[in-house]
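Participant: Here you go, one structure.
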Amino acid sequence: MALFSIPFTYMDFMLGRWIFAPAFCPIVQQMQMTCVFVSVYTLTAIGIDRYMAIIYPLFSQRYNRSFGPVTISIIWLFGFLLGLFQWNNTKATPFLIANETNYDCKEISSDHSQFFTIIIFIITFALPMTILSFTYASIGVKIFRHSAPGNIDVVRDRAQHASKVKIMKMLLTIVILFVVCWLPLHIL
């Protein structure tokens, strides 16, 4: 993602204009959208995989190997298709400064721009965040309710409780970091 985002976005932001070939503008925007989608949904797929492994361990053991490559292929396919919408809505628009033609790489304003922005927010943030919150909350509840079989052992139970608290903190941290890292993309 950094390869298709940082250099182009940085140069565009710092110089206030698109310095690359105008035809390259929609390609870069398409790749950025594809990379965002793939990154977000790969994290979501990992959350779902962990959920299935803990909540439905027998099902997960039986089907886990075949789902991985198929899931990744589907994520990339949908990411590419979503990126095509960005390609169609992006253009390098010429403008003059001191009789020199410069370009601004931006979304084409249309009646559907606000609708497209809302859909992108839902698809690349709200839905994955909801799925991650549900899966990790379910995992946390399942782990926290589980107790070790056998007789009561205070030392073992105390260590197990500390381990559960550590896992809960990690699960909460994953969801919080997802929000902290991806929400600014949609707000700014």
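The values are calculated or read from the model by the stated rules, or taken from the named source; none is laboratory data. Please read all numbers here as calculations on a predicted model, not as lab measurements. Glycine gets a Cβ as well: all are built from the backbone with ideal geometry, and neighbour counts include every protein chain shown.
Participant: What pairs can you find where one residue is in region 34-51 and over 18 Å from Thr135 (Cα atoms), the other is not in a helix (DSSP H, G or I), and their Cβ atoms are less than 6 Å apart, with a gap of 6+ or different chains?
Facilitator: Cys35/Met1
Participant: Within region 64-77, can one find any residue that is more than 26 Å from Val180 (Cα to Cα) and in contact with a Lys or Arg (Cβ under 8 Å, 6 or more places away or on another chain)?
Facilitator: no
Participant: Looking at region 125-147, can you tell me whether even one residue there is of a type in the set (Lys, Arg), modelled with pLDDT under 85 and either assigned to a helix (DSSP H, G or I) or closer than 29 Å to Met52 by Cα (or both)? Break it down stepwise before answering.
Facilitator: First, the residues of region 125-147 that are of a type in the set (Lys, Arg): 142, 145.
Subsequent filtering for residues that are modelled with pLDDT under 85 retains 145.
Next cut, either assigned to a helix (DSSP H, G or I) or closer than 29 Å to Met52 by Cα (or both) only: 145.
Within region 125-147, one or more residues are of a type in the set (Lys, Arg), modelled with pLDDT under 85 and either assigned to a helix (DSSP H, G or I) or closer than 29 Å to Met52 by Cα (or both).
Participant: Is it the case that region 158-166 has a residue that's over 22 Å from Pro184 (Cα atoms), touching a Leu at 6+ places or on another chain (Cβ under 9 Å) and β-branched (Val, Ile, Thr)?
Facilitator: no
Participant: Another question, then. Could you list, in sequence order, all residues of region 52-93 that are crowded, with 16+ Cβ neighbours inside 10 Å, free of Cβ contacts under 8 Å to residues at least 24 places away in the same chain and of a type in the set (Ser, Thr, Tyr)?
Facilitator: Ser60
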